[in-house]
Ligand SMILES: [Zn+2]
């Protein structure tokens, strides 16, 4: 059932690995089918290279198994995915990574300032979800409030969570978040080397909002 959706989950999970956002089996991915409300989600403990669409598990909105062809367990972070869909009825995809630079800021409980326009891809801001032990309902609940104000969430001492209607866009957001985190990290390092006192400011929200495609290019 839902084979096209399952294939899409696998292709995005593999793409995330190939682009360096995830290593081997880290991170997890899901798509909610609009018609049935069922969720196709990646399994736990399966190297990404070995994953096929048969391994993707179908669950309902409460986490009950609807279809499980290969007997693997759904990701241990399933509760977090379910909470994301409950919190945001407008989304159909969840991408969760432990990408290096974004996670490094999450480990330090520091925000990733939107210092370049690439940050617009995920809305410019990344609220921090308070630490919760992986796989617990505490972690699942921690993302609720941040998700109400942003499509991008930094999970303290853990990783990043991106949501969208479309899983390809959610993955793009994860890619841009990692890129901005990397640039922000290097910018902080330069300021530190130079012993600069000037604060490193984010681009103001109004400035992000003011961006538009150039009028002269529209025709
Ligand atoms: Zn995780």
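General remarks:
- Rounded, prolate or oblate (a/c below 1.5 giving rounded, otherwise prolate when a/b exceeds b/c) for the chain by Cα gyration tensor: prolate
- Across the chain, Cα pairs under 8 Å and at least six residues apart give a relative contact order of 19 percent.
- Full-stretch length increase - residue 207, residue 69 - with 0.36 nm per residue and alpha-carbon distance subtracted: 44.8 nm
- Once the C-beta distance of residue 62 and residue 191 is scaled by a Förster radius of 41 Å, the resulting FRET efficiency is 0.30 to the nearest 0.05.
- GNM flexibility winner over the chain from 12, 95, 66 (Cα, springs under 10 Å): 66
- In terms of its alpha-carbon gyration tensor, segment 99-219 comes out oblate; a/c meets the 1.5 threshold, while b/c is at least as large as a/b.
- 0 to 90° range, to nearest 10: angle between helix 167-193 axis and the chain longest Cα axis: 40
- When the chain is treated as a Gaussian network with alpha carbon springs shorter than 10 Å, the biggest mean-square fluctuation among 77, 178, 35 belongs to 35.
- Each of residue 215 and residue 116 was given a label point 7 Å from its Cα along the Cα-to-Cβ line. The distance between the two points is 2.9 nm.
- Comparing 64, 28, 92 in a Gaussian network model of the chain, where Cα atoms under 10 Å apart are tied by springs, the biggest mean-square fluctuation is seen for 64.
- A crude spin-label estimate for the pair residue 52 and residue 165, with each label 7 Å from Cα along the Cβ direction, gives 3.4 nm.
- Length added when fully stretched, residue 137-residue 19, from 0.36 nm per residue minus Cα-Cα: 39.5 nm
- Long-range Cα-Cα pairs in segment 52-92 (distance over 16 Å), rounded percent: 38
- With the largest listed first and rounded to whole Å, the semi-axes of the equivalent ellipsoid of segment 32-124 from the Cα gyration tensor are 28, 17, 12.
No lab work stands behind these numbers, since they all come straight from the coordinates. Here the structure is a predicted model, which means the values were calculated and not measured. Don't worry about glycine lacking a Cβ; one is built from the backbone with ideal geometry, like all the others, and counts go over all protein chains shown.
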